[in-house]
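Bear in mind these aren't lab numbers, they're just calculated from the coordinates by the rules spelled out. Please read all numbers here as calculations on a predicted model, not as lab measurements. Here the Cβ positions follow ideal geometry from the backbone for every residue, glycine too, while neighbour counts run over all protein chains shown.
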Amino acid sequence: MQDSSMQSAPAQSWIESANRADCDFPLQNLPYGIFSTAAGQGPRVGVAIGDRIVDLSVLDQAGLLPAEAAGTFASASLNAFIGRGRPVWQQTRRRLTALLSGEDGRLRDDAALRERALVPMSAATLHLPVQIGGYTDFYSSREHATNVGRMFRDPDNALLPNWLEIPIGYNGRASSVVVSGTPVRRPNGQIKLPDQPRPLYGACRKLDYELEMGFIVGKESTLGEPVPIDAADDYLFGMVVLNDWSARDIQQWEYVPLGPFNSKSFATSISPWVVTMDALEPFRRDNPEQSPQPLPYLRQSRPNAYDIQLEVGLRPSGAQAARRISRTSFRSMYWTMAQQLAHHTVSGCNVRVGDLMASGTISGTEADSYGSLLELTRNGAAPLDVGDGMRRAFLEDGDEVVMRGWCEGAGYRIGFGEVSGRILPAAAIE
Ligand code: CA
């Protein structure tokens, strides 16, 4: 496998804060996002490096970026840049690497340009990075599907027969995808209590998170034409950490026969920086073993798994700090992103630039590696110690969930930053 991350000393930037071993945004990362500043113009495209954001609209104006990408950076979403295609993503990355390493000195040596192009991250507001046309949520962790099947259905037949053949997914809501830091209102909905003949209408009592990774589609496909699995690399622009907020009591009542609806559609949070597949390339790993062998359109001729470390912290209402409640990895997901894309389009359904596809909850095999409270607390039966003498079966108003992801290289990390969200009380019911 590709072990370039393990061999050479990490490349350095003249932006000192990027060179610390625990920095999420070193020279090797260069994730894209949308930011604005109080003093400046509206939202525009930036790249994170150390504790700075490079304003690409300024570099573009100065003629320092590839002509093929010109005009895409003074924009409130990444869609125009992404739409230029993979060769342009790679050209732009090479140019930024040269400028930020100092191999090309035109930014480093120009004080006036530096002043305009480098924004302290602490002075910026981060926005939703892409205009998302469609959001699809898969269900690709075998451990998670097994845990949920045991609780909600049948302990002896936790996995339904189709699970090992199909990367199971459903079409979610793009309209309620929000950027990290956006508060999330507890949903109201139909809840069926076991001792009542009919459901009640009220505030969710089992509010949960789901730890997931999402990928951003980078190329439009043609309606009626499936994307072959080995063409997936052209269609994957980059990844974010994703929290698929879930109302378990609403879900349990509504999900038969067509799957989740109100229980998932009220909010989905994503991290603000899109880490490109090029930055993740050194962390590509062999695919998990699949048995039975998937049908031909789902067979992969190259490795499509990625070694991404993940953790979840919970800051209970009133507490100073978040406590880590789960730690897991993206590496062992049963179905890969390439398989998800191939399956999504096999019917002829087309995808578009900016579409968001999520992995499904990522759970490991250990009890402290589960990606939801549903699993960690066994549907509320075993509340978690969350510090300061507090316990949680599910989320309470004022609680904040913080998720982080990163790839660990030798002497550097490719970080995603964090995705966080705090729970607001449900809207009053008349
Ligand atoms: Ca989900």
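One table, with the values for the structure above:
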{"read-out": "Unit charges at the beta carbon, dipole of the chain: most positive-side option, MET277, ALA319, PRO31", "value": "ALA319"}
{"read-out": "Proxy reagent accessibility, fewest Cβ within 10 Å first, across ASP137, ASP385, ASP195", "value": "ASP195, ASP385, ASP137"}
{"read-out": "Sparsely packed GluC sites (Glu not before Pro) within region 298-379, loop by DSSP, other Cβ within 10 Å at most 14", "value": "GLU366"}
{"read-out": "Under 20 Å from the GLN131 label point (7 Å along Cα→beta-carbon), backbone N, region 167-185", "value": "173-180"}
{"read-out": "Where labels lie 7 Å past Cα in the beta-carbon direction, separation of PHE261 and ALA321 in nm", "value": "4.5"}
{"read-out": "Length released on extending from ASP195 to SER176, taking residue separation times 0.36 nm less the Cα-Cα span", "value": "3.5 nm"}
{"read-out": "Straight-distance crosslink candidates among lysines, where the alpha carbon sits under 26 Å from LYS264 and sequence neighbours closer than 8 are dropped", "value": "LYS192, LYS206"}
{"read-out": "Length gained when the stretch ARG299-ALA39 is fully extended (0.36 nm per residue, less Cα-Cα span)", "value": "88.5 nm"}
{"read-out": "Region 214-252-region 24-39 distance, computed between alpha-carbon centres (Å)", "value": "23"}
